[in-house]
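In what follows, a single structure is set out as structure tokens and then discussed.
Derivation of every value follows stated rules applied to the coordinates shown; laboratory data play no part. Everything quoted here is computed from the prediction, not taken from an experiment. All Cβ positions, glycine included, derive from the backbone under ideal geometry; neighbour counts span all protein chains shown.
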Amino acid sequence: GLPESVTIWEVGPRDGLQNESAVVPVGVKLEFLERLADAGGKVLEATSFVHPKWVPQLADAEELLAGLDRRGGVSYPVLVPNERGLDRALKASVDHIAIFASATETFARKNLNSSLDEQFAMFEPVVARARAEGLRVRGYVSMCFGDPWEGAVPREQVIGVGKRLLDMGCDQLSLGDTIGVATPGQVTALIRGFDRVDQLAVHFHDTYGQALSNTYAALLAGVRTVDSSAGGLGGCPYAESATGNLATEDLVWMLDGLGIAHGVDLDKLCDTSAWMAQRLGRPSPSRVVRALRG
Ligand code: HMG
Ligand code: MG
């Protein structure tokens, strides 16, 4: 059945901004994070310690972390692909990281410059060292349902990648529909393929308008952590046809209607997304933001 409460894992500052071609000033990013915390956000994915040439928008990760006013009770996870990224993240005193694996060969090459098998060798020392340092470690699996180059992705392949990340020591797995093609039946079936639903989170992009339906299916299947992006910003620069994430406002509207606690103030969040839309020079794609602030 449905839960009493859900953890919203806010990915706007990372997934939301990584695809923006015009560099957003670090001061704007910091204000975005402040506003998200003011709105009640408890998990704010802040940035990525990836190669600056691969994601120029997040090349300011060190500066951002140095300027961030980290609040008690708020977690600020960052993406880390390899040991070089972990060195940088540790120097910036982060306590929560996320590695990001691909369920497909093609996307592993495009996103990580590695093969499907090689990616595990890259992640293994990252997870081991991070755990030894007492960090929390999330593992993302991308292209869980469809891949723009390979088409439909076999469920067993996704489960295989996910289980390897859990065996490596990840404390949570986020199942990513990178290009937003999944429908609810597929979501239920994939979740049932894992032994422990309490270790799972879901990460839906809204390309085909299915993100909220898929989230509802995931909640019914027992998932209690949902990724979303304020204002529906987002997309992956290395995945063709990936659009924004599930909008946090759309998620909050549904959770409020269902009486599921989440801790986020919708009014403050809409103000934040309207403010960010102004900074980015275009309206928010979130239906709820448009309905309430349009
Ligand atoms: P590579 O070029 O193969 O790296 O990139 P390398 O190991 O061969 O190293 C080459 C040079 O880069 C070396 O420098 C390294 O030190 C340096 P040199 O010795 O030549 O001077 N280097 C780094 N510098 C800074 N930070 C680092 C780093 N690593 C190496 N971390 C790499 C491999 C993985 C680094 C690259 O492919 C990369 O950065 N990829 C990241 C792509 C990315 O961020 N994609 C978006 C996030 S994933 C996503 O959005 C999906 C998700 O939302 C879920 C979903 O929707 O499904 C999470
Ligand atoms: Mg994503």
Selection over the stretch 240-267 where residues are more than 16 Å from ligand 2 (Cβ to nearest atom), without any contact (Cβ under 8 Å) to a residue 60 or more places away in the chain and part of a loop (DSSP other than H, G, I, E, B) yields a count of 1
What do you reckon, is Ala201 under 26 Å from Ser48 (Cα atoms), of a type in the set (A, V, I, L, M), in contact (Cβ under 8 Å) with a residue 24 or more places away in the chain and assigned to a strand (DSSP E or B)? yes
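To keep it simple, each residue is scored yes or no on (1) surrounded by 15 or more Cβ atoms within 10 Å (Cβ to Cβ); (2) within 15 Å of ligand 2 (Cβ to nearest atom); (3) hydroxyl-bearing (Ser, Thr, Tyr).
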{"residue": "Val127", "(1), (2), (3)": "yes, no, no"}
{"residue": "Cys144", "(1), (2), (3)": "yes, yes, no"}
{"residue": "Met168", "(1), (2), (3)": "yes, no, no"}
{"residue": "Thr183", "(1), (2), (3)": "no, no, yes"}
{"residue": "Val202", "(1), (2), (3)": "yes, yes, no"}
{"residue": "Asn214", "(1), (2), (3)": "yes, yes, no"}
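Within the stretch 44-59, work out how many residues are surrounded by fewer than 19 Cβ atoms within 10 Å (Cβ to Cβ) and more than 10 Å from ligand 1 (Cβ to nearest atom). Explain how you work it out, then say what you get.
Pass one, the stretch 44-59, residues surrounded by fewer than 19 Cβ atoms within 10 Å (Cβ to Cβ): 51-54, 56, 59.
Now narrow it down to the ones that are more than 10 Å from ligand 1 (Cβ to nearest atom): 56.
Residues in the stretch 44-59 being surrounded by fewer than 19 Cβ atoms within 10 Å (Cβ to Cβ) and more than 10 Å from ligand 1 (Cβ to nearest atom): 1 in total.
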Scanning the stretch 42-84 residue by residue, those within 20 Å of Arg129 (Cβ to Cβ) and polar (S, T, N, Q) turn out to be Thr47, Ser48, Ser75, Asn82
Expected output for the stretch 37-62 (first residue under 18 Å from Val126 (Cβ atoms) and in a loop (DSSP other than H, G, I, E, B), partner more than 7 Å from ligand 1 (Cβ to nearest atom) and aromatic (Phe, Trp, Tyr), Cβ below 6 Å, 6+ apart or cross-chain) is Ala46/Tyr76
Expected single match for in contact (Cβ under 8 Å) with a residue 12 or more places away in the chain and within 21 Å of Asn19 (Cα to Cα) among Leu90, Leu86, Leu173, Leu112 is Leu112
Reported set for the stretch 187-214 where residues are in contact with a helix residue (DSSP H, G or I) (Cβ under 8 Å, 6 or more places away or on another chain), more than 18 Å from Arg155 (Cα to Cα) and within 15 Å of ligand 1 (Cβ to nearest atom) is His205, Asp206, Gln210, Ala211
